[in-house]
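Asker: Quick one: this structure, given as structure tokens, is what I'll be asking you about.
The values are calculated or read from the model by the stated rules, or taken from the named source; none is laboratory data. What you are looking at is a predicted structure, and each value in this text was computed from that prediction instead of being measured. A quick note on method: Cβ atoms are made from the backbone with ideal geometry, for glycine too, and the neighbour counts reach across all protein chains shown. The accessibility values were calculated without ligands, DNA or RNA, using every heavy atom of the protein model including side chains. Shrake-Rupley method; radii C 1.70, N 1.55, O 1.52, S 1.80 Å.
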Amino acid sequence: MIKPHDHPRYRKTVVSAVDNSGDDIVDDAIRICMLASGSKGNSIYISHRNTAVLIDAGLSGVEIERRMASRQISAGDIDAIIVSHEHADHIQGVGVLGRKHGIPVHISSPTRQNAQDRLGHLPSVAVFSCGGAFCIKDLVIRPFSISHDAADPAGFIIGCNGRQIGIATDLGIHTAMVRQHLKNCCGLILEANHDPQLLEHGPYPWPLKQRVKSRTGHLSNESARDLLMEVLHDGLTHVILAHLSETNNTPEHALTAVSGQLNRHRPELTVALQHAAGEMITL
């Protein structure tokens, strides 16, 4: 992830949850590590106490294991892989990791049907529906529908003990339902895919530009900013900008666009990158 000194609006990377003495990280902390984010592959690690999940596994199994090991995470400790949608940059390593480590895969029925050839045999599958909550040990997962060109794309609220993380990536618009789900989060992972000017004048062919800008494509930096302003509150302490285009965006463009209207309520801003695991963020 981009370091604080690389951008004037960018503050510290890790937010520590401490007990009343201020000395120790509380046992109730939620931990997030962006293992990969972008069109070449996506995977998010989230843990709470002795529960750990991956949201998507869009790199090879070997590469995901390597990135987890770089952050002292063991693949054998993963309790579930939760799949957002069937695009290859979200499911490439799902089948390999599921078979190798016996990890249950949580996936919607339409997504599973459209991804079956790439997933292969899965030793353990749990089917969820957007709008219906399910539990993985002490984590409560609430999938919600988003607008993207996939069979049944999902965003997620992941929480425990009244605290929750919101994930909204790979969506072309932020609907009222998306905003409602993200309103009370202490941490957000938001798509800031492209700068409109860079996309307009960049090398993508016109049909692909239209697809990216469409209601089933990807959020621009400005759309991410607008979404953040809609759900901003005092309890939101960290926002991760995710799924940046390497062709049509830069971390500097994303940070400047999203942070420009932040005033009194100022969560920490982090940019997730494609080619390396980010730091472990503790909320």
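Asker: Could you tell me which numbered condition Q164 fails, if it satisfies all but one of (1) in a loop (DSSP other than H, G, I, E, B); (2) closer than 16 Å to S47 by Cα; (3) open to solvent by 10 Å² or more (accessible area, probe 1.4 Å)?
Answerer: With (1) in a loop (DSSP other than H, G, I, E, B); (2) closer than 16 Å to S47 by Cα; (3) open to solvent by 10 Å² or more (accessible area, probe 1.4 Å) applied to Q164, the lone miss is (1).
Asker: Give all pairs with beta carbons closer than 6 Å in which a residue from the stretch 196-219 that is farther than 15 Å from S147 by Cβ meets a residue that is part of a loop (DSSP other than H, G, I, E, B) and open to solvent by 60 Å² or more (accessible area, probe 1.4 Å); count only pairs at least 6 apart in sequence or on separate chains.
Answerer: Going by the 6 Å Cβ cut-off, the qualifying pairs are G202/T247.
Asker: Can you name the residue in the stretch 240-262 that is assigned to a loop (DSSP other than H, G, I, E, B) and over 16 Å from the mean Cα position of the chain (by Cα) and, of all such residues, is surrounded by the most Cβ atoms within 10 Å (Cβ to Cβ)?
Answerer: Initially, the stretch 240-262 is screened for residues assigned to a loop (DSSP other than H, G, I, E, B), giving 243-250, 260-262.
After this cut, where a residue has to be over 16 Å from the mean Cα position of the chain (by Cα) as well, the list is 246-250, 260-262.
On the way: E246: 12, T247: 13, N248: 24, N249: 26, T250: 16, G260: 11, Q261: 11, L262: 16.
That would be N249.
Asker: Still on this model: Does the stretch 191-206 contain any residue that is hydrophobic (A, V, I, L, M, F, W, C) and open to solvent by 70 Å² or more (accessible area, probe 1.4 Å)?
Answerer: yes
Asker: Identify, from the list T237, T175, the residue that is open to solvent by less than 60 Å² (accessible area, probe 1.4 Å) and either more than 19 Å from the chain's Cα centre (by Cα) or farther than 24 Å from P251 by Cβ (or both). Explain how you work it out, then say what you get.
Answerer: Details: T237 fails: either more than 19 Å from the chain's Cα centre (by Cα) or farther than 24 Å from P251 by Cβ (or both).
None of the other options fit; the residue is T175.
Asker: Which residues, taken from the stretch 178-190, are polar (S, T, N, Q) and surrounded by fewer than 16 Cβ atoms within 10 Å (Cβ to Cβ)?
Answerer: Q180, the sole residue that qualifies.
Asker: Taking the stretch 141-161 on its own, how many of its residues are of a type outside the set (D, E, K, R), open to solvent by 40 Å² or more (accessible area, probe 1.4 Å) and more than 16 Å from the chain's Cα centre (by Cα)? Show your work before the answer.
Answerer: Here is the first cut: in the stretch 141-161, the residues of a type outside the set (D, E, K, R) are 141, 143-148, 150-151, 153-161.
Among the residues that remain, those that are also open to solvent by 40 Å² or more (accessible area, probe 1.4 Å) are: 145, 151, 161.
Then drop every residue that is not more than 16 Å from the chain's Cα centre (by Cα), which leaves 151, 161.
Selection size over the stretch 141-161: 2.
Asker: Open to solvent by 40 Å² or more (accessible area, probe 1.4 Å) and in contact with a helix residue (DSSP H, G or I) (Cβ under 9 Å, 6 or more places away or on another chain): which single residue out of A75, A133, A88 fits that description?
Answerer: Going through A75, A133, A88 in turn, the sole match is A88.
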